Amino acid sequence: MIDRLQAMSVFVAIAEAGSFTAAARRLRLPLATVSRRLGELERHLGAQLLIRTTRRLALSPAGEAYLVSARRILEAVEASERAAAGEYTAPQGQLTLTGPVVFGRHYLLPIVTAFLEAFPEVDVRLLLSDRNLHLVEDHVDMALRIGRLPDSGLIATRVGQMRQVICASPGFLAARGVPRTPDDLSALPCVTFDFGGPTAAWLLRAPAGGLVEVPVRSRLSASTADAAAWAAEQGVGASRLMHYQCAEAVAQGRLQLLLESFEPDPQPVSLLHAPADILPLKTRLFLDFATPRLREALKALAAEGAGTLQRASKRDGPGAPSTTQS
């Protein structure tokens, strides 16, 4: 007899991952099992759910309709299991959180440890990754995201904003000169943080207004912010990072912020969770616990950045070296 719930889970994973191999990896099942479960489901329904070609998978009309229903059923089953386990009436069980690596270490982790002390019946699984995990597929209760949010249907609570800054080591700037305009970056070697793919241009505010993509020469491309910040400290080149990724190095004088008046608008920082009629109590409690603490921490970081900007405007006066000098 077919296990309908498992078959639904397999079908949803294939549809969302785009391939049998990716679905098998996500579900931690053998590829043959994934293929067999889908075949059993299609025979049970008497309908083809996926159109297979040599190059891609596509949902059939029946598959598109079934995907909507299957997702709804799986979400309802998960909610029922949580209700039966008491997750809606008492803070208990495992809470899975995710966020960027450096932000998580400096800002999320202290909040999580305080939360664990306040709620001893809740355990936390903290997944730190610079890749955005999928809340439903990766079984994540809440995610911290930095940046503009796509229209995904997730519920967002904004906790602050984050600058995207350009920085370099004092020694590098002494040797190369301080860039005064975005165009000056083209004369400098750069360190790029490229976890999402190669970056050939940085988005900055143009002197005349609006935004402009500034081509940069990447001497080193790093897949983590820690690596990019460290390389910038060693004088490899200028780097573009989120402010929190280099704030400590800037405060200690190991890095210096550049072109601050040309920065694009700060990116929103949000806590996300999947929509639900009633949130599990552990999720609601963490949201209420973390939101004011994150807002306070990000406000303090923004104030620190404002002080840096004032010092920079004095330091980068008319007599400061520039990349345009011979």
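The values are calculated or read from the model by the stated rules, or taken from the named source; none is laboratory data. No experiment lies behind these values; they were computed from the predicted model shown. All Cβ positions, even for glycine, are placed from backbone atoms using ideal geometry, and neighbour counts span all protein chains on display.
Within the stretch 36-51, can you find the residues that are more than 15 Å from Glu64 (Cα to Cα) and in contact (Cβ under 8 Å) with a residue 24 or more places away in the chain?
Arg37, Glu40, His44 - these are the residues of the stretch 36-51 that are more than 15 Å from Glu64 (Cα to Cα) and in contact (Cβ under 8 Å) with a residue 24 or more places away in the chain.
Working carefully through the options Ala290, Ala274, find the one that is touching a strand residue (DSSP E or B) at 6+ places or on another chain (Cβ under 8 Å), modelled with pLDDT of 95 or more, in the same structural domain as Thr157 (by TED's automatic domain parsing) and small (Gly, Ala, Ser).
Answer to the check: Ala290.
Residues being within 21 Å of the chain's Cα centre (by Cα), part of a strand (DSSP E or B) and either surrounded by fewer than 19 Cβ atoms within 10 Å (Cβ to Cβ) or aromatic (Phe, Trp, Tyr) (or both): count how many of those fall in the stretch 217-238.
Number of matching residues: 1.
Mind checking whether some residue in the stretch 39-50 is surrounded by 15 or more Cβ atoms within 10 Å (Cβ to Cβ), closer than 22 Å to Ser129 by Cα and touching a Phe, Trp or Tyr at 6+ places or on another chain (Cβ under 8 Å)?
Checking the stretch 39-50: not a single residue is surrounded by 15 or more Cβ atoms within 10 Å (Cβ to Cβ), closer than 22 Å to Ser129 by Cα and touching a Phe, Trp or Tyr at 6+ places or on another chain (Cβ under 8 Å).
Restricting the search to the stretch 239-272, which residues are of a type outside the set (A, V, I, L, M, F, W, C), surrounded by fewer than 21 Cβ atoms within 10 Å (Cβ to Cβ) and not in a helix (DSSP H, G or I)?
Once the filter is applied, which keeps residues that are of a type outside the set (A, V, I, L, M, F, W, C), surrounded by fewer than 21 Cβ atoms within 10 Å (Cβ to Cβ) and not in a helix (DSSP H, G or I), the stretch 239-272 yields Gln252, Gly253, Arg254, Glu263, Pro264, Asp265, Pro266, Gln267, Pro268.
Checking Ser223 against (1) in contact with a helix residue (DSSP H, G or I) (Cβ under 7 Å, 6 or more places away or on another chain); (2) farther than 23 Å from Arg176 by Cα; (3) in the same structural domain as Phe172 (by TED's automatic domain parsing), which test does it fail?
In the conditions (1) in contact with a helix residue (DSSP H, G or I) (Cβ under 7 Å, 6 or more places away or on another chain); (2) farther than 23 Å from Arg176 by Cα; (3) in the same structural domain as Phe172 (by TED's automatic domain parsing), Ser223 misses (1) alone.
For Gly153, work out the one condition from (1) more than 15 Å from the chain's Cα centre (by Cα); (2) over 30 Å from Thr283 (Cα atoms) it doesn't fulfil.
Among (1) more than 15 Å from the chain's Cα centre (by Cα); (2) over 30 Å from Thr283 (Cα atoms), Gly153 violates only (2).
Which residue pairs have Cβ atoms closer than 9 Å, lie 6 or more positions apart in sequence or on different chains, and pair a first residue in the stretch 1-23 that is touching a residue at least 60 places away in the same chain (Cβ under 8 Å) with a second residue that is of a type in the set (Phe, Trp, Tyr)?
These pairs meet every condition: Met8/Tyr66.
Can you tell me which of (1) touching a strand residue (DSSP E or B) at 6+ places or on another chain (Cβ under 8 Å); (2) modelled with pLDDT of 90 or more; (3) closer than 28 Å to Asp277 by Cα is the one Leu38 doesn't meet?
Against the list (1) touching a strand residue (DSSP E or B) at 6+ places or on another chain (Cβ under 8 Å); (2) modelled with pLDDT of 90 or more; (3) closer than 28 Å to Asp277 by Cα, Leu38 comes up short only on (3).
Considering the stretch 1-16 alone, what residues qualify as being under 23 Å from the mean Cα position of the chain (by Cα) and either charged (D, E, K, R) or surrounded by fewer than 19 Cβ atoms within 10 Å (Cβ to Cβ) (or both)?
If the condition is that a residue be under 23 Å from the mean Cα position of the chain (by Cα) and either charged (D, E, K, R) or surrounded by fewer than 19 Cβ atoms within 10 Å (Cβ to Cβ) (or both), then Glu16 is the only one that fits.
Just for the stretch 92-141: of the residues that are assigned to a helix (DSSP H, G or I) and among the aromatic types (Phe, Trp, Tyr), which one is surrounded by the fewest Cβ atoms within 10 Å (Cβ to Cβ)?
Only one residue tops the list, namely Phe115.
Enumerate the strands (runs of 3 or more DSSP E) found wholly within the stretch 151-197, keeping only those where 1 or more residues are hydrophobic (A, V, I, L, M, F, W, C) and over 23 Å from Thr224 (Cβ atoms).
Because the criterion is at least 1 residues that are hydrophobic (A, V, I, L, M, F, W, C) and over 23 Å from Thr224 (Cβ atoms), the strands (runs of 3 or more DSSP E) in the stretch 151-197 that meet it are 155-162.
With the checklist (1) outside the structural domain of Ile14 (by TED's automatic domain parsing); (2) within 24 Å of Ile278 (Cβ to Cβ); (3) over 13 Å from the mean Cα position of the chain (by Cα); (4) not small (Gly, Ala, Ser) in hand, flag the one item Val178 doesn't pass.
(2)
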